[in-house]
Amino acid sequence: MKCVAAVIRPFKLTDVKDALRKIGVMGLTVTEVKGYGRQAGHADIYRDAEHVAMFIPKVKIEVVVNAEMVERAIEKIIEIARTGTHGDGKIFVYTLDQVVRIRTGERDKDAI
């Protein structure tokens, strides 16, 4: 089992969610996050003064999938979330040792 975590632009969330659902990803966790990458924030002009925003608002989505589904999930996230400009985000893949469904006690693949 793997956790695929993607930090993407907020306006891409609905499209990414819908695309993942179409390929069979049933569960999704979303967290509002802020951060920066290589661009180290961005500068805006507000009332004739430059304002530097160090932390850019993003959303982090996390999905748990079987190992066979990882590449399909990654490809779909890239396809939908890519704008071609700086700040499109990152995808991280983690190995999960164990998953437990609280309601039933089911474990691992049965709990996904």
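Here are some notes:
- Structure remark: mean-square fluctuation, Gaussian network model of the chain, C-alpha springs under 10 Å; the largest value among I80, I61, I23 belongs to I23.
- Candidates D88, D15, D97: whichever shows maximal mean-square fluctuation once the chain is modelled as a Gaussian network with Cα springs under 10 Å: D97
- Value of [θ]222 nm, deg cm²/dmol, for the chain, DSSP H segments ≥ 4, -39500 (n - 2.57) each, nearest 500: -6000 deg cm²/dmol
- Simple spin-label estimate for V100 and K17 in nanometres, 7 Å along Cα-Cβ: 2.9 nm
- Directionally averaged projected area (the chain, Cα convex hull): 8.4 nm².
- Take the Kirkwood radius over Cα pairs of the range 68-112, plug it into Stokes-Einstein at 20 °C and 1.002 mPa s, and you get 165 µm²/s for translational diffusion.
- Backbone amide hydrogens, once placed in the peptide plane, bring K58 within less than 5 Å of V33, K34, G35, excluding anything fewer than 5 places away on its chain.
- Springs between Cα atoms under 10 Å define the GNM used for the chain, and in it the highest mean-square fluctuation of A67, A19, A81 occurs at A67.
- Ranked list, fewest to most other Cβ atoms within 10 Å of each Cβ, for E75, E62: E75, E62
Read the figures in this text as sums done on the coordinates, not as results from a lab. Quick caveat: nothing in here was measured; it's all calculated off a predicted structure. Ideal geometry is used to build each Cβ from the backbone, glycine not excepted, and the neighbour counts take in all protein chains shown.
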